[in-house]
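Quick one: this structure, given as structure tokens, is what I'll be asking you about.
The values are calculated or read from the model by the stated rules, or taken from the named source; none is laboratory data. Keep in mind it's a predicted model, so treat the numbers as computed, not measured. As a convention, Cβ positions derive from the backbone with ideal geometry for all residues, glycine included, and neighbour counts pool all protein chains shown.
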Amino acid sequence: MNDTRAVRTLADEALAYASRGIKIFPLWHCVDGTCQCADRENCGSPGKHPRTRNGVSGASHNEQAVSSWWAMWPDANIGLAAGANGLAIVDVDPRHGGDASLEFLCTWASRRGVDLTDTYTVRTGSGGLHLYYRQPFGGIKTAPRSFGSDGIDTRGRGGYVVAPPSVHACGGIYDVIHRRGLAPWPECLTYLMEPEPTTGAAAQPAPARPPAGPIAADRMTRRLQAWALSGYRRELEALPGIGEGGRNDALNRAAYRAGLRLDAGLLPGHTATTITADLHNATLGWRNFGVRERAATIRSGLDGARGKASKLILPGWATGWTPGTTGGAR
Ligand SMILES: [Zn+2]
């Protein structure tokens, strides 16, 4: 695997990035799986953390700066700034469940007419993927589990990725597998991200959540909303542990019950769409139960609950409360 590097060195490749105006900076590298930084085998991020003090904020396309870095450290891996290069990068790590999460995101996007994989793509040294996009206005955040799904992070403002042809601790080489133009950031993904705090000049507007609808604000309703939400969360948490035989029923029941709560106005901030996404996320680890099958089960559960708020079994203390009223039990 060192053949590639015999032809073009990391220094050559670093300069090639710089000459294309792409801001990069040097990272530590590994020898036989061991990071060459002071922490050696105890390093928490072998071959992936900056050699320079400023790290990503000092990323540069100045050819002099770049050639002096790689003259000093010819084996340095290449750190490529995300936000500073106008990039928004989705980082998929199959070792943490990223493949199943990506499958869900791809289905989510394809229903909205977007092919997530139709963009410049790098296979990482450990077998993961980096999907590169042009960043949207305001950029995207750099965060782990950005979509609430395992094994998928985003790299945007202030973030970076390890770029080809860097070498992973395991010996694998980062490699461009789709050398096509950058697609724009798929806006349908923004919807799945946790809203960001809206303070500070750099903050971008939080993705629009659908309006929750008129919610009766009396105490009984608020208590019931808390009850419904905690029940909903408990059911989501239980789903990953359901055994193979009971999965279809469990998912259908969870969707149906969530639908009843939604129809009763007890899940403010939620819609059928957000519930569908939550249920998909909760069941990503189910093998032999594909995305399409899950989607059909969820839809059937939600459809079954539509208009049936009165079927919701309320706790004893709420007897007499009627959906959509302002607290009939008082
Ligand atoms: Zn290290």
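Being farther than 30 Å from residue 285 by Cα and not acidic (Asp, Glu): is that true of residue 66 here?
In short, yes.
Sticking with this one: Looking at the stretch 234-253, I want the residues that are within 14 Å of residue 281 (Cα to Cα) and have a partner that is charged (D, E, K, R) and surrounded by 17 or more Cβ atoms within 10 Å (Cβ to Cβ) with Cβ atoms under 6 Å, at least 6 apart or on another chain. Which pairs are those?
Between residues of the stretch 234-253 that are within 14 Å of residue 281 (Cα to Cα) and residues that are charged (D, E, K, R) and surrounded by 17 or more Cβ atoms within 10 Å (Cβ to Cβ), the close pairs are 236/278.
Separate question: Within the stretch 284-328, restricting attention to residues that are farther than 30 Å from residue 94 by Cα and aliphatic (A, V, I, L, M), which residue is modelled with the lowest pLDDT?
My answer is 318.
Looking at the stretch 22-36, can you tell me whether even one residue there is more than 29 Å from the chain's Cα centre (by Cα), crowded, with 16+ Cβ neighbours inside 10 Å and in the same structural domain as residue 174 (by TED's automatic domain parsing)?
Yes, some residue in the stretch 22-36 is more than 29 Å from the chain's Cα centre (by Cα), crowded, with 16+ Cβ neighbours inside 10 Å and in the same structural domain as residue 174 (by TED's automatic domain parsing).
For the stretch 62-115: of the residues being assigned to a helix (DSSP H, G or I) and charged (D, E, K, R), which is farthest from the chain's Cα centre (by Cα)?
Applying the filter and picking the extreme gives 63.
Right, residue 49: more than 21 Å from residue 154 (Cα to Cα) and in contact (Cβ under 8 Å) with a residue 12 or more places away in the chain or not?
No: the conditions fail for residue 49.
While we're looking at this one, here's another question. From the list 27, 10, pick out the single residue that is touching a residue at least 60 places away in the same chain (Cβ under 8 Å), more than 16 Å from the ligand (Cβ to nearest atom) and hydrophobic (A, V, I, L, M, F, W, C).
Just a single option satisfies the conditions, and that option is 10.
Give the residue that is nearest to residue 290 (Cα to Cα), with candidates limited to residues of the stretch 241-279 that are outside any helix (DSSP H, G or I) and of a type in the set (A, V, I, L, M, F, W, C).
Going through the qualifying residues, I end up with 242.
Could I ask something else about it? For the stretch 44-54, check the following and say yes or no: at least one residue is near the ligand (Cβ under 9 Å from one of its atoms), exposed (fewer than 15 other Cβ atoms within 10 Å of the Cβ), among the small types (Gly, Ala, Ser) and on the phi < 0 side of the Ramachandran plot.
Yes - at least one qualifying residue is present in the stretch 44-54.
Still on this model: Which condition from (1) within 24 Å of residue 190 (Cβ to Cβ); (2) aliphatic (A, V, I, L, M); (3) within 16 Å of the ligand (Cβ to nearest atom) is the one that residue 81 breaks?
(3)
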